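Please read the structure below before turning to the comments.
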């Protein structure tokens, strides 16, 4: 999924398994559409963890244990957007205004904004 902008707000969480269907329904039909109306929000993509392995150091290793099940990627024009009044209002609309998302007790509320690196940025330089 190529990003169109330099800033990506990432949210990851687990959900109580018995609330998985309602979580996805509200996220897809209410939460994302409301946040897409916020000026400066370019796109939202979601992913769900799947069993996987990674070949590294000549060994095949299982990855993802202990990681949250769901991850949402919000492309934004500026990192300040996620702290804006418009974002706050949009994120509180819909059913989650009365009842918060059904997060699992293991949810550690992982959230971050990252700036994409352009060619040549982030390279290690000898001083």
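The values are calculated or read from the model by the stated rules, or taken from the named source; none is laboratory data. Worth saying up front: this structure is predicted, and the values here are computed from it rather than measured. Virtual Cβ from ideal backbone geometry, glycine too; neighbours counted across all protein chains shown.
Listed by position, the strands (runs of 3 or more DSSP E) contained in the stretch 48-95 that have at least 2 residues being crowded, with 16+ Cβ neighbours inside 10 Å are 70-76. Annotation note: Cβ proximity below 6 Å between a residue of the stretch 27-39 that is within 16 Å of residue 99 (Cα to Cα) and a residue that is surrounded by fewer than 18 Cβ atoms within 10 Å (Cβ to Cβ) (sequence gap 6+ or interchain) occurs for 30/94. One residue alone among 38, 26, 44, 11 is in a loop (DSSP other than H, G, I, E, B), surrounded by 10 or more Cβ atoms within 10 Å (Cβ to Cβ) and at pLDDT 85 or above, and that residue is 38.
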